[in-house]
Each structure stands twice: as C-alpha cells, then as structure tokens.
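Please read the structure below before turning to the comments.
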Amino acid sequence: MIKYLLVFVAIIGIGYIFLPFVMEFSTPTKLNPLATSYVQGSVNELNMPNVVTAIVVTYRGLDTLGEVTVLFLATAGVGFLLKRKHDMVNHRRKCSEILCTGASLLTPLIVLFGVYIFAHGHLSPGGGFQGGVVIASGFLLLVMANISFHFSHNLIHFSESISGFIYVLLGLAGLVLLGANSFLDPRYLPAGKWLDIVSTGAVPIIYSIIGIKGGSELCSVIDSLQHGGTEL
Amino acid sequence: MMVLICGLLLMLIGIWAMLIKKNIIRIIIGFSILDTGTHLVIVAIGYVKHATAPIVDKAVNISQNAEGGIQVLGKVVDPVPSALVLTAIVIGLAVTALLLSFAVRLYKVGNSLNINDYEELKW
Amino acid sequence: MPEIFALILLIVISLGAAVYAVFTKKTITALIASGIISLSASIIYLLMAAPDVAMTEATIGAGLTTVVFLYAMKHVKGGEDD
C-alpha cells in the first residue's frame, strides 16, 4: 500500500515539474532564425528540396555518424548476449505452397521498394533509415514464412562493416577535397539540376550507405532474436 | 498544444507503468510508451501554425531574390526536431532490442521474469 | 476543422490504449495496445506536417518493435504473465 502511495506522489511530482513548461508554451506562428537559415541554405547551397535530409546528412552529419555507432553497439550487444547454436535443428512446420510462393514473390519487390525509398531520400519524404527498415521487414517476411533459405551471416556482417567504413571515408573525402571545417560536406560532387535524382552532390550516395548499414544491422538483430537464447 | 499535452500524459503513463509493474517485459513496454511520448513532445515543439512539411516543391511559395538565389516565402515546419526524432526512433528500437535480450538472458539463468525474485542487489 | 476532430480522436485513442496497456492482465494484449499507440502517433505526425517521422514511426514503432517483442516472448514462454 505504501508503495502505491509513493508511486502516486512521484507521478504528481513529475507532472508538477512539467506544469510551467505547459503553461508558458504557445504554438509559434513563424519560424525561428536557425531553422530559417537551414531552409535557405538547403535550397540555395545544397540544391536539395527535402530540408530534413539536408539536416540529417549534412548540417548535423556528425550526429548521424554517432547514431550509426550507437546502433552498431546495440546490435553487437544483442548478438553477444544471444549466441546462436550451430547445430540448430528446425522444429517448425514446413511452409505451405501458397505461403512459400507468395513470400518468395513479395520479398524482391519489398527490397526494391526499400531501395527506391532511400535512393529518393533527398527529393521526397523518406531516406536511409526508412529504406533500411523496409528491407529488414522483407527479410522478416522470409524468416516468418520459414522458407529453407540460408542467409549468409558473413554477408550481413561484411555489408555492415564495409558500409560503415565507406561512410567515414565519404566524410573524410569532403575534408580532403574542400579543406578544413568540411567533414561530411557533400559539395565535392556537382550540385546538378533541381529535382534530378543525380544531384545535390554526394548526398544520395551517403544516404544509400546509411540505408544499407541500417538494414543489415536490423536484419542481424532479427536473426539473433529469432535463433538466440538456446545455449548459455 | 493538444499534442504536447498528449505527449506529456503518455510520458507520465509510461513512468507509472515502469514503477508499478513487476514483470520485466511489462516494464519494457512502459519504456516504449515513454519513448513515444517523448517523440510526440519534441515534434509538437517544432510545429508552426498552418505550415506545410519542410519539403520545398510546388506547394511552397518561392521567389528569386536579387543575387539570383531562391527565397522561401511559404511557411514550413521547423525541420530540426523532425531530424532529431528521426534518429531517436531508430535508436529506440535498438535499445529496446538490447533490453529484451537482457530479459531473455535473465530468464534463462533465473527461470523467472518477476523482478522480486532477483535479490542480489538488495541490501 | 476536420483535422482538429481527427487529432482529438487520435489523442483519445492513444491515451485510452496507454491506460489499457497498464491495466490489462495479459502481456500480449499490452503489447498490441502499445502497437496501437505507435500507429496513432504516426498519423498524428502526418497531421503535424512531419512525413519523414511518420514513415519511420509507422515502420519501426508499429512494425518491427512488435515483432521484436513477440520473438522475445517466444523465448520466455511460461514466465511472461507473472
């Protein structure tokens, strides 16, 4: 009983901390100067319609690099905690004809849709993280349909490490080609035409690399969680 | 404004679920509710009244200024909170998977998910 | 004006699902309720003019998080409801 009372007091206290924030908040009617300069810079300097992509890849690119590192560490932790057995016998039922055919017909289309999303990330809503997640859900469909399909773990780990390496190399290319203060600056490739798929410098390449990296990390998480935990 | 209050209430409900529940899986579900509430609060701070999405296309008014650059006249939403929340959601999934793998490992060792059965850290 | 009504409806749904996720006895219903919270939050993001975030939340929050929870609950069979 005393525990419920203490929880109640804690919730009331946290709500009281939030109260002045709610009281003083009013929805702004115009953009603040920092966001205005980001919008103008994205349109004029980088030639990119999607401002969110401009911030994620270019202006706050170092944040994204750190985020990819955190994702890699969490995936490594999951793989370390749930080691998989090597002589794993498959107890599950074989898939039926309709499920097998449907899943193997749909998976390439889902992967193609994921590639479309991250290749058009600089023009329309979407980008590397969303495309990677769509690719991982295609892989999930194969795993859940239980098709006898051997996804190579070496391939997942190889694409994971090589895409992280290429991401850092593309950032360093900006530092080498454009001089100081330009780590992850994509303007060493030509800016191209407005609303063209090959435009805005190196942004499509960087976002595709982020997409491949995120997709392979999430595939690895799903694979560990599906098989794991059977041995100590 | 409504979305801000909704996000704060979701945060409070998430903290309440984390404090009151004994099962570890239920605590992790409370953590995921807290995560969603925080993202709603951050997006609500960046909203501008009657504005469109931060993608400069035909729906947004633009004009040429004197130096030949493009001046954006139409109202767009603040793009910085969107970018922050975009990365925070992906990290949230990875952290949730890590928490769940700890829970699975704990169940293999102690054969229980009730948090009162683990007394090694009590004094 | 219809956007305001849709927003109020989504907020009521998400708050109700959150309270239900705390009070229900079975873990799997709590999990489905948390998926409903994520799905309605993604439509709220779309109404708040943040389509990138809406896309991410719909695929990750409502799709992959639920599946990850289900896989973890497969490994702890027998202990998830105490």
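Per-residue answers, yes or no, for (1) buried (at least 17 other Cβ atoms within 10 Å of the Cβ); (2) under 18 Å from B:HIS39 (Cα atoms); (3) modelled with pLDDT of 90 or more:
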residue	(1), (2), (3)
C:LEU9	no, no, yes
C:VAL22	yes, no, yes
C:GLY61	yes, yes, no
C:GLU80	yes, no, no
**Request:** Could you please find all residues in the stretch C:4-35 being free of Cβ contacts under 8 Å to residues at least 40 places away in the same chain, facing another protein chain (nearest Cβ under 10 Å) and closer than 15 Å to C:THR66 by Cβ?
**Result:** C:ALA17, C:ALA21, C:ALA30, C:ALA33, C:SER34, C:GLY35
**Prompt:** Which residues, counting only those in the stretch B:63-113, are within 8 Å of chain A (Cβ to nearest Cβ), assigned to a loop (DSSP other than H, G, I, E, B) and small (Gly, Ala, Ser)?
**Reply:** B:GLY69
**Item:** Residue tally, condition within 20 Å of A:VAL133 (Cβ to Cβ), polar (S, T, N, Q) and over 8 Å from the mean Cα position of the chain (by Cα), over the stretch C:23-55
**Value:** 1
**Residue ID - surrounded by the most Cβ atoms within 10 Å (Cβ to Cβ), chosen from residues in the stretch B:19-45 that are in contact with a Lys or Arg (Cβ under 9 Å, 6 or more places away or on another chain) and more than 7 Å from every other protein chain (Cβ to nearest Cβ)** = B:GLY30
**Request:** Evaluate the stretch B:9-21: report whether one residue or more is more than 20 Å from B:ILE89 (Cα to Cα), in contact with a strand residue (DSSP E or B) (Cβ under 7 Å, 6 or more places away or on another chain) and not small (Gly, Ala, Ser).
**Result:** no
**Request:** Consider only pairs whose beta carbons are under 8 Å apart and that are at least six residues apart or on different chains; among these, list those whose first residue lies in the stretch B:49-64 and is on the phi > 0 side of the Ramachandran plot and whose second residue is surrounded by 11 or more Cβ atoms within 10 Å (Cβ to Cβ).
**Result:** B:HIS50/B:LYS75
**Request:** Out of A:GLY79, A:GLY41, A:GLY13, report the one residue that is assigned to a helix (DSSP H, G or I) and over 32 Å from the mean Cα position of the chain (by Cα).
**Result:** A:GLY13
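Taking the stretch A:118-135 as the search range and keeping residues that are within 7 Å of chain C (Cβ to nearest Cβ) and part of a helix (DSSP H, G or I), which one is surrounded by the fewest Cβ atoms within 10 Å (Cβ to Cβ)?
Once the filter is applied, the top-ranked residue is A:VAL134.
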**Message:** Considering only residues that are facing another protein chain (nearest Cβ under 8 Å) and crowded, with 16+ Cβ neighbours inside 10 Å, which ones fall in the stretch A:32-41?
**Reply:** A:ALA35, A:TYR38, A:VAL39, A:GLN40
**Message:** Take the conditions under 19 Å from C:GLU57 (Cα atoms) and either of a type in the set (Lys, Arg) or surrounded by 14 or more Cβ atoms within 10 Å (Cβ to Cβ) (or both) and apply them to B:ALA94. Does it pass?
**Reply:** yes
**Prompt:** Here are some conditions: (1) away from chain A (no Cβ under 11 Å); (2) under 26 Å from B:VAL48 (Cβ atoms). C:VAL53 meets all but one. Which one does it not meet?
**Reply:** (1)
**Fill in**
Residues of the stretch A:93-112 being exposed (fewer than 14 other Cβ atoms within 10 Å of the Cβ) and assigned to a helix (DSSP H, G or I), in sequence order, are A:GLU97, A:ILE98, A:THR101, A:LEU105, A:PRO108, A:LEU109, A:LEU112
**Request:** Out of the residues in the stretch A:62-85 that are crowded, with 21+ Cβ neighbours inside 10 Å and closer than 19 Å to A:SER159 by Cβ, state the one that is farthest from the other protein chains (Cβ to nearest Cβ).
**Result:** A:VAL68
**Message:** Among the numbered criteria (1) over 19 Å from A:VAL134 (Cβ atoms); (2) aliphatic (A, V, I, L, M); (3) within 14 Å of chain A (Cβ to nearest Cβ), which one does C:MET1 miss?
**Reply:** (3)
**Asked** How many residues does the stretch B:16-62 contain that are part of a loop (DSSP other than H, G, I, E, B) and of a type in the set (Asp, Glu)?
**Response** 1
**Criterion violated by A:LEU46 - all others in (1) among the hydrophobic types (A, V, I, L, M, F, W, C); (2) without any contact (Cβ under 8 Å) to a residue 24 or more places away in the chain; (3) part of a loop (DSSP other than H, G, I, E, B) satisfied** = (2)
**Message:** Among the listed residues B:ILE33, B:ILE45, B:ILE24, identify the single one that is more than 22 Å from A:PRO125 (Cβ to Cβ) and either touching a residue at least 40 places away in the same chain (Cβ under 8 Å) or of a type outside the set (A, V, I, L, M) (or both).
**Reply:** B:ILE24
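From A:ASN146, A:ASN154, grab the single residue that is within 14 Å of chain C (Cβ to nearest Cβ) and either modelled with pLDDT of 85 or more or under 30 Å from B:VAL104 (Cα atoms) (or both).
Working: A:ASN154 fails: within 14 Å of chain C (Cβ to nearest Cβ).
A:ASN146 is the lone residue from the list that is within 14 Å of chain C (Cβ to nearest Cβ) and either modelled with pLDDT of 85 or more or under 30 Å from B:VAL104 (Cα atoms) (or both).
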**Fill in**
When every residue in the stretch A:199-219 that is surrounded by fewer than 22 Cβ atoms within 10 Å (Cβ to Cβ) and outside any loop (DSSP other than H, G, I, E, B) is compared, the one nearest to the other protein chains (Cβ to nearest Cβ) is A:SER208
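The values are calculated or read from the model by the stated rules, or taken from the named source; none is laboratory data. Predicted model, so just to flag it, every value in this text is computed and none were measured. FYI the Cβ positions are ideal-geometry reconstructions off the backbone, even for glycines, and counts take in every protein chain you see.
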